[in-house]
Amino acid sequence: MVFSSLLFLYLFLPACLILYFSWNNATYRNTLLTVFSLVFYAWGEPVWVVLLVLTGLLDYGNALLIDKYRHTRWKSVGLWSSVILNIGVLMTFKYSGFIYENINALLGTSFKVPSFSLPIGISFYTFQTVSYVIDVYRGEVPAQRSFNKFLLFVSLFTQLVAGPIVRYQHIADEIDNRKIDLKEFAAGVHRFCIGLFKKVCIANVAGEYASKYLDADFGTLSVGGGWFGLLMYTLQIYFDFSAYSDMAIGMGWMFGFHFKENFNYPYISKSSTEFWRRWHMSLGTFFRDYVYIPLGGKVHGAFRNLFIVWFLTGFWHGAHWNFIFWGLFYGLLIAIERLFLQRFLEAIPKFFAHLYLLFAVVLGWGLFYFTDLNRLGEFFRLIFGLRGNAPWSLDLTLALQENAWWLLMAVLLCMPVYLWFHRVFIQGYFERKPAIGTAVLTLMNLAFLFAATSMLVGRSYNPFLYFRF
């Protein structure tokens, strides 16, 4: 089940909200959310709920062990037991096939390559539980005594399968003491509807064009078509991923949880360093706090630490070499910016710095899209005119003409246009006239919901990009 499905929108979420607000009791509400979260996760493949619960149980027990024997060697036993188990489970299900394939290719062996279906969201909840155990080990949070409450943290459906990566310390108090007022609930509904619109009406449309051009026969694809497909994928992955974060944050507000922001208009950045302060911020802060700084940060082996982090960042996204190359590509750009390029980018007009970043990001998404390295190489040859393909095509002209207004809207929404609207109208004019503001926001929510529903009913294309994460 995904947030942008009719089943979730018109049955699962309304049922959960109705039951949640039917009784103002913390234990009841926590239990209800846990049950709904496990049902949500089990909808596709029920067997993986067992894995989620078992790994959660071990992390819960290890945190208690660390807390109880804080001044003995058992503290380290608890930490490493959780880290090794979680990384081992992640490597088994997500990376074992990749490892065996490369061993066979390197050594000429013929080991049977294991094949596992990937548990949805395993990379997200693994990082959440590992960060919890490490924080308990560091003494930053006390161990949670109730397994039911810990399981709620691990399984909470609002952000389980697509992030943001939530740290226990950020919501520990809210597990027991959540307060919800009507204004915040309404803001959560609005944030959810914005995310739904971004996912269905922008990301899905962009995704159809990305697939049409990037999966086409390169023998007939024009150079312009290659660039257009790559630009569509650039729009798709941003609006898809940020939309899920919007919906997760919005639903969190509905239930009284406050998750950290995960995207901050990354395409307005003027350097790769800035881009990664704005893109998937929960992943960036995880690697900073649990890998980069413990390795020595900028103090000891700064560039070594940088490339380790970016190797892991790429590998986290998928078990293929292209993801590793994509991560190292950004590691290289950020290293060059630290050495000299950042000073140059700050000295030139912002427009040109912004063009540099956009060009780098778009090329990076090319690395990210193609898991077949041969096809990846051919694609880059195509878009730089090295294959002799036609520069343009009639169908591309028609696509641009038919989608001109949609493209303009998508590009504008990559910029903080809505923040300006919110500040000027909602925080300004509408707060002085709350009745009008409420009516306008309600109409906007209904319009977003109607547009998304219409497209979900009329189209079958509704991909879930995070199955491999």
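Observations, loosely collected:
- Distance between the 7 Å Cα→Cβ label points at F380 and V440: 4.8 nm.
- Packing around the peptides 305-311, 203-209, taken as the average count of other Cβ atoms within 10 Å per residue, puts them in this order, highest first: 203-209, 305-311.
- For segment 1-134, the spherically averaged projection of the C-alpha convex hull amounts to 11.5 nm².
- Spatially proximal lysines relative to K433 (Cα-Cα < 20 Å; intrachain offsets below 8 disregarded): K183
- Relative packing of peptides 271-282, 136-147 - highest average C-beta neighbours within 10 Å first: 271-282, 136-147
- Of the residues G163, L214, T129, the one whose Cα sits farthest toward the positive end of the charge dipole of segment 112-228, with +1 on the Cβ of Lys and Arg and -1 on the Cβ of Asp and Glu, is T129.
- Diffusion of the chain by Stokes-Einstein, at 20 °C in a medium of 1.002 mPa s and with Rh set to the Kirkwood radius over alpha-carbon pairs, works out to 89 µm²/s.
- Here's the list of aspartates and glutamates a cross-link from K112 could span, going by alpha-carbon distance under 18 Å and ignoring same-chain residues fewer than 8 apart: E101.
- Centre separation in Å (Cα based) which lies between segment 185-220 and segment 102-121: 32 Å
- Proximal aspartates and glutamates relative to K260, as straight alpha-carbon distance under 20 Å, when same-chain residues fewer than 8 apart are discounted: D135, E140, D173, E174, D176, D181, E184, D240, D246, E274, D289
- Across K199/K270; K68/K149; K94/K199; K149/K199; K149/K179, pairs whose alpha-carbon gap is larger than 22 Å: K199/K270; K94/K199; K149/K199
- Between Y100 and F421, the distance separating the two model label sites (each 7 Å from Cα on the Cα→Cβ line) works out to 5.0 nm.
- Here the peptides 148-157, 385-394 are ranked by packing, the mean other Cβ count within 10 Å, and the order with the highest first is 148-157, 385-394.
- Taking 0.36 nm per residue of separation and subtracting the Cα-Cα distance, full extension of the segment from V53 to R73 would add 4.5 nm.
- Mean Kyte hydropathy of 0.0 or more with a Cα span along the axis of at least 18 Å, helices from DSSP in the chain: 26-42, 47-68, 74-90, 122-138, 182-197, 223-255, 302-317, 321-336, 350-369, 434-458
- Segment F325..R304, full-extension length gain: 5.9 nm, with 0.36 nm per residue of separation and the alpha-carbon distance subtracted.
- Gain on full stretching of the segment that runs from F359 to F116 - 0.36 nm per residue minus C-alpha separation: 83.8 nm
Any read-out appearing in this document is the output of simple, stated calculations on the displayed coordinates, not a laboratory observation. Source: prediction; values computed, not measured. So basically every Cβ, Gly included, is an ideal-geometry build from the backbone, and we count neighbours across all protein chains shown.
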